[in-house]
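J.: Sharing a structure with you now.
Bear in mind that the values in this text are calculations on the coordinates, not laboratory data. Everything numeric in this text was worked out from a predicted model, so none of it was measured. Cβ atoms come from the backbone with ideal geometry, glycine included; neighbour counts cover every protein chain shown.
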Amino acid sequence: MITVKDLHKSFGDLQVLKGINYEVDKGQKIVIVGPSGSGKSTFLRCLNLLEIPTSGEVWFEDVQVNGKKTDINKVRRNMGMVFQHFNLFNNLSIIDNITLAPVTLKLQSKEEAKENALALLRRVNLEEKADAYPAQLSGGQKQRIAIVRSLAMQPKVMLFDEPTSALDPEMVGEVLDVMKELAESGMTMIVVTHEMGFAREVASKVLFMDEGLILEENTPEQFFAKPENPRLQDFLSKVL
Amino acid sequence: MTATILLASTSLSERFYNAFIEADRWKLYLDGLVVTLEITLFAAILGVLIGLVIAFMQLSRRKNGKHSIFSLLATIYVDVIRGTPSVLQLMIMYFVIFSASPFSGTVIAIISFGVNSGAYVSEIIRAGILAVDSGQMEAGRSLGLTRATTMRKIVIPQAVKNILPPLGNEFIVLMKETAIVGYVALQDLTRVANLIGSRTYDAFPPLIIAAVVYFIIIKILTILLGKLERRLRKSDNR
């Protein structure tokens, strides 16, 4: 579904990604862990071209995402993204946050979009917040709304960029629960996170990234029980 | 002896009477005020239009910090306007650029102040847009919205709240700045006060009257802007 070939990304002189090759199949849940500055987020952001790769190829289904003639806006409709800092639209109510993209892009009528949005809000138990504004919500609520906003586009894959890192500890659970439910529903997911419990429970594959490379890829059982790379062993000894 | 006593004892109220009521002089202030307001209003409108264009030209600067041709032109414009006194800009417009044009002095003053204000307004708008968290744009783009749509529906509505207070301030500065149009023979409020002072041989009352008029207008403007600002914030966070 997503294929990455020899992906490089530099910011000026700083090489962040040094040749990533990876393939994600439909329905897989890929969890990426690694120390900060290892390039995890940059890798994720290259997938929907929020960062433009310096070289290499990113393919989504049969479209080259970073191809010269690709309409990136079309590709992005199918790739939802959830950010560390939620990035809800502060000037819009919750319901408008969710319906803005599908209505503006004429994928759904206003009524249809609103109905979908309310159904999604019900799914995350936030129906009563439909008319609230982002500033009135807690971090956990904002992040659940952000997930719903992406889902409203009916994407084929969801990218999560450290979705729980900016949350107070007691709110992490409610967001992870939504993500778990989403995983169970069969969604293809790529998740950058520090939540090892989530990785263990949900991931089909766990990746370890450091210094711009994928150093290890394994099933969660093997990944946590028998880490091979010495740097992963070191990393796990610190976080577990 | 009697004469000197009389002159010295001319009361303050008589002096103000001479400067304001005598010979219907209040009409002159009114005419002057109309000129001041006319120049301020139209220059402000022109300034906002120019400021908008220049701000977006500056924002066309590439991600790596390199200038595009638009941002380069805009930067030069802002530099030149900010780097020279506005009274000189006005005189250059009046005596050089438009010296042979059929435009009236008021129109030339409007153009000059509009061009001047546009540079400052562009910086206000640019800063106001940049102050909106970049995550807002990223979120919009990640949903498949175009840059322009995200700007229009998300970034600019939020930027307006940042822009409004300093923009109001810019209007106030602009209004006071128009007091220099006397240099190009326009009879605005300040110039009128000056003329009346030389007619009555008493500078104090007309200058005070003019100052009070400026103060009142600007006070009203401040109150209105404050109200507008509060209303915008209310609709945002409730």
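J.: When the gyration tensor of the stretch A:168-240 is built from Cα positions, what are the square roots of 5 times its three eigenvalues, in whole Å, from largest to smallest?
T.: The three semi-axes for the stretch A:168-240 are 23, 15, 11 Å.
J.: Can you figure out the FRET efficiency of A:Thr70 with B:Ala127, using R₀ = 35 Å and their beta-carbon distance, to the nearest 0.05?
T.: The pair A:Thr70/B:Ala127 has a calculated efficiency of 0.55.
J.: List the residues whose amide H sits under 5 Å from the amide H of A:Val16, counting only those 5 or more places along or on another chain, with H placed 1.01 Å from N in the peptide plane.
T.: For A:Val16, whose amide H was placed from the backbone, the distant partners under 5 Å are A:Lys9, A:Ser10, A:Phe11.
J.: Just report the Cα centroid separation between the stretch B:62-81 and the stretch B:155-207, whole Å.
T.: 30
J.: Starting from the Cα of A:Glu201, step 7 Å along the direction of its Cβ; do the same at A:Gln222; then give the gap between the two resulting points in nm.
T.: Placing both labels 7 Å beyond Cα along the Cβ direction yields 2.4 nm.
J.: What residue among A:Ala130, A:Ala152, A:Pro169 has its Cα farthest toward the positive end of the dipole of the stretch A:122-196, where the charges are +1 on Lys, Arg and -1 on Asp, Glu, each on the Cβ?
T.: A:Ala152
J.: Give me B:Lys227, A:Lys68 sorted ascending by neighbouring Cβ count inside 10 Å, so fewest comes first.
T.: Listed from fewest to most nearby Cβ atoms, that is A:Lys68, B:Lys227.
J.: If R0 is 25 Å, what FRET efficiency do you get for B:Val87 and B:Asn169 from their C-beta distance, rounded to 0.05?
T.: Rounded to the nearest 0.05, the efficiency is 0.75.
J.: So, one more: With label points built 7 Å along Cα→Cβ from the Cα atoms of A:Asp177 and B:Ala100, find their separation and express it in nm.
T.: If labels sit at A:Asp177 and B:Ala100, their model points lie 8.1 nm apart.
J.: Another question, then. Using only Cα atoms, tell me the angle between helix B:204-237 and the longest principal axis of chain B; keep it within 0 to 90° and round to the nearest 10.
T.: Rounded to the nearest ten degrees, it is 20.
J.: Among B:Ser122, A:Val31, B:Phe20, whose Cα sits farthest toward the positive end of the charge dipole of the protein assembly as shown (+1 at Cβ of Lys/Arg, -1 at Cβ of Asp/Glu, about the Cα centre)?
T.: Farthest towards the positive pole: B:Phe20.
J.: Provide the gained length on full extension for the span B:Arg231 to B:Ile45, in nm with one decimal, where the gain is 0.36 nm per separating residue minus the Cα-Cα distance.
T.: 64.8 nm
J.: Another one. For chain A, what is the calculated [θ] at 222 nm in deg cm²/dmol (nearest 500), taking -39500 (n - 2.57) for each run of four or more DSSP H residues and dividing by its residue count?
T.: -11000 deg cm²/dmol
J.: Let me ask something additional. Could you count how many Lys pairs in chain B have their Cα atoms under 26 Å apart, skipping same-chain pairs fewer than 8 positions apart?
T.: 15
J.: Share of antiparallel DSSP beta bridges in the protein assembly as shown, in percent to the nearest 5?
T.: 55
J.: If you line up the long axis of helix B:105-130 against the longest principal axis of chain B, both from Cα atoms, how many degrees apart are they, to the nearest 10?
T.: The angle comes out at about 40 degrees.
J.: Give the long-range amide H neighbours of A:Leu215: residues separated by 5 or more places, or on another chain, with amide H under 5 Å away, using H modelled in the peptide plane at 1.01 Å from N.
T.: A:Phe208, A:Met209, A:Asp210
J.: Listing A:Thr42, B:Thr10 from the residue with the fewest other Cβ atoms within 10 Å to the one with the most, what is the order?
T.: Going from least to most buried by this count: B:Thr10, A:Thr42.
J.: Please compute the length gained on full extension between A:Lys156 and A:Ala132, using 0.36 nm multiplied by the number of residues separating them and subtracting their Cα-Cα distance.
T.: Additional length available on full extension: 5.8 nm.
J.: In degrees between 0 and 90, to the nearest 10, how far off the longest principal axis of chain A does helix A:139-151 point, with axes built from Cα atoms?
T.: Computed tilt is about 90 degrees.
J.: Let me know the shape class of the stretch A:113-159, please: from the alpha-carbon gyration tensor, a ≥ b ≥ c as square roots of the eigenvalues, rounded when a/c is under 1.5, otherwise prolate if a/b is greater than b/c, or oblate.
T.: Oblate, because a/c is 1.5 or more while a/b does not exceed b/c.
J.: While we're on this one: Would you mind classifying the stretch B:120-238 by shape? Square roots of the alpha carbon gyration tensor eigenvalues, ordered a ≥ b ≥ c; an a/c under 1.5 is rounded, otherwise it is prolate if a/b is larger than b/c and oblate if not.
T.: Prolate is the answer for the stretch B:120-238, as a/c is 1.5 or above and a/b outweighs b/c.
J.: For chain A, what is the charge dipole size about the Cα centre, in debye to the nearest 20, if Lys and Arg each add +1 at the Cβ and Asp and Glu each add -1 at the Cβ?
T.: The calculation lands at about 580 debye.
J.: Here is a further query. Let me know the charge dipole size of the protein assembly as shown about its Cα centre in debye, to the nearest 20, where only the beta-carbon of Lys, Arg (+1) and Asp, Glu (-1) is charged.
T.: 860
J.: Next question, about the same structure. Pop the C-beta distance of B:Ile69 and A:Phe11 into the FRET formula with R0 = 22 Å and round what comes out to the nearest 0.05.
T.: Efficiency computed from Cβ-Cβ geometry: 0.35.
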